[in-house]
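S.K.: This is the structure I have questions about; it appears just below.
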Amino acid sequence: MWKNFRIRQVHPNDNRWLYNESQFGNIQRVDQKTGIRQNILPQRQKGYPEFRFNWNSPIHISPHNSKIIYFGGNVLFRSMDKGNNWQIISPDLTTNDAKKIAGRGNISKALAKNIYLFDIKSTIQWILMRGSSFQGHRHFTANNQLAGIAINYYLRENVSDDIQITITDAYGEKICDLDGKKKAGINCVIWDMRKPLTDEEKIAQDRFSRFRGPQGKLSSPRDYLAILEIGEVKLKKKFKILSMPDLD
């Protein structure tokens, strides 16, 4: 899947010429008439550090002058002659954070691994009020925030093993288990910040829940841990449920 990945741009005025790029910014200009491939990767200038590129780096042909090509790495490159020569037209556009890069610093850490669990964003636990009320002299309105904790993970390939995400508190007490998708790419599982209901609680809530299904009790704002398990692989990330801010 990843080995032969390409980004392609066809010359808008002459489809004889094709630009393609594979991993780590390896850009080529292809003569589709003769089949000749020319490597046009920007070369590091004296005094500059090594250039860094992501797994797939963007190529853009100017709509105003098709000889002008833009190519993105940790800096933005521009060529005025179809890739024969390059100019650096921006400062370093990255933070070059060693914690988020791997290998030569080209590829994001996630794509460098077969399985990767992303950092989990701490989220405010908004308490939803139902029914009508007077707003008073001060009120706050905004777009709805995601009503849950988003747990994102990356799979290089489809997997056959079951994927389980366990949520525990900071002391290791299990709150709930969540099932994850097995599909290659970036997957997302949402925890609604609630504890699962017991059978007795489900029966009790069913009597009063006419318009929505039974819901478990909200977990308290504090520190938590998500544990992703796939086969023998076990990955962990900490996060917090934050209290609703005081709007007075």
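Here, each number is a calculation from the coordinates, and none is a lab measurement. Keep in mind it's a predicted model, so treat the numbers as computed, not measured. Neighbour counts are summed over all protein chains in view; Cβ atoms, including those assigned to glycine, are modelled from backbone coordinates with ideal geometry.
S.K.: Hand me the chymotrypsin sites (Phe, Trp or Tyr not before Pro) from the range 1-71 located in a DSSP loop with no more than 13 other Cβ atoms within 10 Å, in residue order please.
M.R.: Within the range 1-71, the qualifying chymotrypsin sites (Phe, Trp or Tyr not before Pro) (loop, at most 13 other Cβ atoms within 10 Å) are TRP2, PHE5.
S.K.: Something else: A 20 angstrom limit on the alpha carbon distance is what I want to check against. Which of LYS195/LYS238; LYS121/LYS238; LYS121/LYS183 exceed it?
M.R.: Correct reply: LYS121/LYS183.
S.K.: Turning to a different aspect of this structure: Could you tally the net charge around ASN13, taking each other residue with its Cβ under 14 Å from the Cβ of ASN13, Lys/Arg +1 and Asp/Glu -1?
M.R.: Within the 14 Å Cβ shell, the charges total +2.
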